[in-house]
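Here the structure is laid out as C-alpha cells; the discussion comes afterwards.
What follows draws every value from the coordinates through simple rules; no lab data is involved. Treat the numbers as computed from the prediction; the structure is a model and nothing was measured. Cβ placement follows ideal geometry from the backbone for every residue including glycine, while neighbour counts extend to all protein chains displayed.
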Amino acid sequence: VERTLAVIKPDAVHHADEIEDIITQNGFSVLQKRKVQLTPEQASELYSEHFGKMFFPSLITYMSSGPIVALVIAKDKAISSWRELIGPTNALIAKQSHPDSLRAKYGTDDQQNALHGSDSFTSAEKEIRFFFPDSIVE
Ligand code: ATP
C-alpha cells in the first residue's frame, strides 16, 4: 500500500465532502485530513519549484485565498492512481480529453484546477510532512 497527498484547493473546498466520498468510492482510505489556510509564505514554500515562473505570483495568491483540505490517502499505486483520477493539470484540457476526471468536474482553467496530487514518492513524502509534520513515518 502506497500513500500520497491530495489537496482540495480553495476553489473546490465547498465540494470537499463530495470529493472525499469520491476518494473513498475509488478505493482509497483516508489516513489523515486537515483543513488549513496557507499564508502566502507557506504557499510559496509548497510551490517553491515554480519560483520565478510567470504564473508563480498568481498561484500563490490563489493557493492562499481561502481554506484548503489536505488529505493523506492510501491504496495500491496511490500516487499514479490519484493523479489519474484528478486528470490533466489544465482543467480546460481536462474537460475536453478527460471529462470524467475531477479537474474536469470541479476545476476552471490552467490555474484554478481544484485539486493537487503528489507526482512521485519523494514529493508525496515531502508534501505529507509539510501538512502533517508530526505524522509518524513508518
Ligand atoms: P499540482 O501540483 O497541483 O498537482 P501539477 O503537478 O499537475 O499540479 P504543476 O505543473 O506542478 O502541475 O503546477 C502546479 C500548479 O500551478 C497547478 O496545479 C496549477 O494550479 C498552477 N499552474 C500550472 N501551470 C500553470 C500555468 N501555465 N498558468 C497558471 N497556473 C498554472
Subject >> Residue pairs meeting the criteria (Cβ under 7 Å; at least 6 apart or on separate chains; first without any contact (Cβ under 8 Å) to a residue 12 or more places away in the chain and within 7 Å of the ligand (Cβ to nearest atom), in the stretch 48-59; second in a helix (DSSP H, G or I) and not hydroxyl-bearing (Ser, Thr, Tyr)) >> reply: HIS50/PHE56; HIS50/LEU59
Original post:
Which condition breaks for LEU38 when tested against (1) within 14 Å of the ligand (Cβ to nearest atom); (2) more than 12 Å from the chain's Cα centre (by Cα); (3) more than 17 Å from ARG129 (Cβ to Cβ); (4) not in a helix (DSSP H, G or I)?
Top reply: (3)
**OP:** Can you give me the number of residues within the stretch 86-101 that are crowded, with 16+ Cβ neighbours inside 10 Å and part of a loop (DSSP other than H, G, I, E, B)?
**Re:** 5
Original post:
Does the stretch 66-83 hold any residues that are surrounded by 16 or more Cβ atoms within 10 Å (Cβ to Cβ) and over 15 Å from the mean Cα position of the chain (by Cα), and which are they?
Top reply: LYS75
Subject >> Leading residue by the ranking (farthest from the ligand (Cβ to nearest atom)) among those in the stretch 99-122 that are under 12 Å from the mean Cα position of the chain (by Cα) and under 20 Å from LYS75 (Cα atoms) >> reply: LEU102
